[in-house]
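The values are calculated or read from the model by the stated rules, or taken from the named source; none is laboratory data. All figures in this text were calculated on a predicted structure; none of them were measured in a lab. Cβ placement follows ideal geometry from the backbone for every residue including glycine, while neighbour counts extend to all protein chains displayed. These area figures cover heavy atoms from the full protein model, side chains too; ligands, DNA and RNA do not enter into them. Shrake-Rupley method; radii C 1.70, N 1.55, O 1.52, S 1.80 Å.
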Amino acid sequence: MTDTEGTPPADTFGVSIGVDDDAFRFLVHVPSDLEAAWSDRDTFQRLVEAAVWERLDRESTLHAVGTAATAGERVELGTVTLTPEGTVVEHTLTAPEP
């Protein structure tokens with residue numbers, strides 16, 4: 001997302017949960033061309049994760065993933081667009097149906 005009205009640049013990240021035999025993996029899908037000046041990969045992954053769990057109930061979302069998917073599958077939660085400061089510009093996050 002480009003800076004059109006004086007707002008800082010932001011990027012849209014896809015978010016999903018990968019299902020393994022014995023664990024879930026929180027997955028952040030990074031666009032190939034980042035608009036914002038992200039200085040640290042771990043930082044934006046933590047910001048994305050925090051934004052997701054502020055908008056979706058973690059326990060019920062993970063329960064739904066566990067009932068809807070089997071090992072080797074990935075459940076998409078949507079996207080979150082945010083700035084390097086952690087401001088969420090928009091999102092399409094939804095919890096899966098169990």
Original post:
How would Leu62, Leu93 line up by accessible area, probe 1.4 Å, largest first?
Top reply: Leu62, Leu93
**OP:** Give the accessible surface of the chain per residue, rounded to a whole number of Å², with probe radius 1.4 Å and ligands, DNA and RNA excluded.
**Re:** 60
**OP:** Ignoring everything but the protein chains, give the 1.4 Å probe accessible area of Arg58 in square angstrom, nearest 10.
**Re:** 120
**OP:** Compute the relative contact order of the chain as a whole-number percentage, counting only Cα pairs closer than 8 Å that sit 6 or more residues apart in sequence.
**Re:** 35
Subject >> Highest-MSF residue in the chain out of Thr81, Thr43, Thr12 [GNM, Cα springs under 10 Å] >> reply: Thr43
Original post:
Measuring from label point to label point, each 7 Å out along Cα→Cβ, what is the His29 to Glu85 span in nm?
Top reply: 2.9
Original post:
Taking a spot 7 Å from the Cα of Asp42 along the direction of its beta carbon, which residues of region 61-98 have an amide N less than 19 Å from it?
Top reply: 84-86
**OP:** Rounding to the nearest 20 debye, state how big the charge dipole of the chain is about its Cα centre with +1 on each Lys and Arg Cβ and -1 on each Asp and Glu Cβ.
**Re:** 120
**OP:** At most 13 other Cβ atoms within 10 Å and a DSSP loop assignment: could you name the GluC sites (Glu not before Pro) in the chain that fit?
**Re:** Glu5, Glu73, Glu85
